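The values are calculated or read from the model by the stated rules, or taken from the named source; none is laboratory data. Every value quoted in this text rests on a predicted model; they were computed, and no experiment measured them. Here Cβ is always computed from backbone atoms with ideal geometry, including for glycine, and neighbour counts include all displayed protein chains.
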Amino acid sequence: MASIRKRPDRPKPWLARYRGPDGRERSRSFTRRVDAERWLATQTADVARGAWVDPALGRETFAQFAARWSQALPNLRPTTRELNLGVLRLHLLPRFGDWPLARIDVNAVKAMLADDLTGGASTSAARRHVLVLSTILAAAVDEGRIGRNPCSRVSCRPTARGRCGFWSPARCSRSPTRSSRTTARLS
């Protein structure tokens with residue numbers, strides 16, 4: 001059951017309360033009644049839909065969760081595992097290590113991507129950073145620590161590449177460096 005109560009002696013007089021699916025009461029104070037009603041409607045709708053996430057679970061820091069995640073990595077090739085752990089250690093932990101999981105949002109991920117690209121990282125490396133972060137946060141979603149993965153809304157498409165293929169003999173003969181190398185190899 002949800003309720004809103006006014007406490008006139010407080011700086012934030014409107015107290016909104018509800019019971020979570022775990023049976024515990026949750027509450028939050030607001031300065032305006034309309035804000036309390038809006039928050040309460042969102043929380044009760046999330047409970048009814050089964051999309052409610054315990055706010056206490058989202059307070060775990062990224063570093064704590066990433067340490068557990070790195071111990072339980074799925075079966076990866078050793079090189080992939082080392083690459084992902086290196087990205088975590090060198091790029092993600094310095095940036096997000098002290099942050100609560102619930103604080104990492106789409107804007108923080110976009111800022112990381114922009115900083116990587118302006119800081120001289122290649123597009124491929126920046127994409128790898130977002131991919132590893134997305135994998136970690138997907139595990140947090142699976143455990144019910146956050147409601148959704150903020151990386152899923154960040155687009156970091158690969159750069160367009162030229163068409164790959166073999167050179168025709170006519171093109172080889174027009175290219176002086178190519179033809180001189182070919183001639184040197186043949187002689």
Review point. If you check Glu82 against the conditions, is it over 14 Å from the mean Cα position of the chain (by Cα), among the charged types (D, E, K, R) and loosely packed, with under 12 Cβ neighbours inside 10 Å?
Key: yes
Review point. When you look at Leu117, is it surrounded by fewer than 19 Cβ atoms within 10 Å (Cβ to Cβ), more than 27 Å from Gly20 (Cα to Cα) and out of contact with any helix residue (DSSP H, G or I) (no Cβ under 6 Å at 6 or more places or on another chain), yes or no?
Key: no
Point to revise | Checklist (1) within 19 Å of Val154 (Cα to Cα); (2) of a type outside the set (Asp, Glu); (3) surrounded by 15 or more Cβ atoms within 10 Å (Cβ to Cβ); (4) at pLDDT 90 or above applied to Pro100, failing item | key: (1)
**Study point:** Sole exception among (1) within 26 Å of Asp98 (Cα to Cα); (2) among the hydrophobic types (A, V, I, L, M, F, W, C); (3) surrounded by 14 or more Cβ atoms within 10 Å (Cβ to Cβ) for Phe30, by number
**Key:** (1)
Check your understanding: So is Gly23 small (Gly, Ala, Ser), assigned to a loop (DSSP other than H, G, I, E, B) and either over 30 Å from Phe96 (Cα atoms) or touching a Lys or Arg at 6+ places or on another chain (Cβ under 7 Å) (or both) or not?
Key -> yes
Practice item. Please give the number of the condition Arg49 fails out of (1) loosely packed, with under 13 Cβ neighbours inside 10 Å; (2) in contact (Cβ under 8 Å) with a residue 40 or more places away in the chain; (3) not aromatic (Phe, Trp, Tyr). Key: (2)
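Matching residues to (1) in contact (Cβ under 8 Å) with a residue 24 or more places away in the chain; (2) closer than 14 Å to Val87 by Cα:
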residue	(1), (2)
Asn107	no, no
Met112	no, yes
Asp115	no, no
Ala121	no, yes
Ser124	yes, yes
Arg127	yes, yes
Leu131	no, yes
Exercise for review: Return yes when Asp54 is acidic (Asp, Glu), in contact (Cβ under 8 Å) with a residue 40 or more places away in the chain, out of contact with any helix residue (DSSP H, G or I) (no Cβ under 7 Å at 6 or more places or on another chain) and surrounded by 14 or more Cβ atoms within 10 Å (Cβ to Cβ) and no when it is not.
Suggested key: yes
Review point. Out of curiosity, is Asn75 within 14 Å of the chain's Cα centre (by Cα) and either surrounded by fewer than 12 Cβ atoms within 10 Å (Cβ to Cβ) or at positive phi (or both)?
Key: no
Review point. When you look at Arg95, is it out of contact with any helix residue (DSSP H, G or I) (no Cβ under 8 Å at 6 or more places or on another chain), without any contact (Cβ under 8 Å) to a residue 24 or more places away in the chain and not polar (S, T, N, Q), yes or no?
Key: no
